[in-house]
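Structure first, then comments.
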Amino acid sequence: MGHGSSGLRRLVHEVARFGAVGGAGLLVNLLVFNLVRHVTDLQVVRASVIATVVAIAFNYVGFRYFTYRDRDKSGRTKELTLFLLFSAAGLVIENGVLYAATYGFGWDSPLQSNIFKFLGIGVATLFRFWSYRTWVFRALPARDAVASAESFLETPEPVRPPQRARV
């Protein structure tokens, strides 16, 4: 199998692992959101921010120890700082959608709040996937070199008989 298809296979596996953690994080986010909305008198966006923060903590553990467990672990402080920075940007995207729907359009029934919370999570997830894999959980340089070497070994060149010197 060529280098391109093994790279595509790795990306598909990464997306699947990211989706598994993200799906669990989505459930945590929505459950905490609805619990806070029904147990407290907090406004919808404040309840959403609390739920998003809980989901961010949950997701970091899942991403570090499941999705990106094979990535560089040498700079944990930098990794966590970047994770929190990009997660905060995702929080703004996610809750910005909910804020616009609630306060811009007056769509604030429980069903509408959940729909726009879900939509905001979806938009923010695209941003988070790109930023986490690009900046936070960086691939080890040696891994790319090994993968390239392995793909080279998978597609052997035809063996040619040695040329004899002519006298």
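The figures follow:
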quantity: Those residues of region 27-51 which are of a type in the set (A, V, I, L, M, F, W, C) and either at pLDDT below 95 or under 15 Å from Y99 (Cα atoms) (or both), in sequence order; calculated: F33, L42, V44, V45, A47, V49, I50, A51
quantity: Set L153, L140: member being over 14 Å from the mean Cα position of the chain (by Cα), farther than 25 Å from V21 by Cα and at pLDDT below 85; calculated: L153
quantity: Test: residue in region 24-33 that is among the β-branched types (V, I, T) and either under 16 Å from the mean Cα position of the chain (by Cα) or under 27 Å from R133 (Cβ atoms) (or both); calculated: yes
quantity: Count of residues meeting criterion [at pLDDT below 95, buried (at least 19 other Cβ atoms within 10 Å of the Cβ) and of a type in the set (D, E)] in region 59-96; calculated: 1
quantity: Complete set of residues in region 115-136 that are buried (at least 16 other Cβ atoms within 10 Å of the Cβ) and of a type in the set (S, T, N, Q); calculated: T125, S131
quantity: Selection count, region 55-103, where residues are in a helix (DSSP H, G or I) and among the basic types (K, R); calculated: 3
quantity: Index of the failed condition, I56 passing every other in (1) out of contact with any Leu (no Cβ under 9 Å at 6 or more places or on another chain); (2) of a type in the set (V, I, T); (3) buried (at least 19 other Cβ atoms within 10 Å of the Cβ); (4) without any contact (Cβ under 8 Å) to a residue 40 or more places away in the chain; calculated: (1)
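The values are calculated or read from the model by the stated rules, or taken from the named source; none is laboratory data. Everything numeric in this text was worked out from a predicted model, so none of it was measured. Cβ atoms come from the backbone with ideal geometry, glycine included; neighbour counts cover every protein chain shown.
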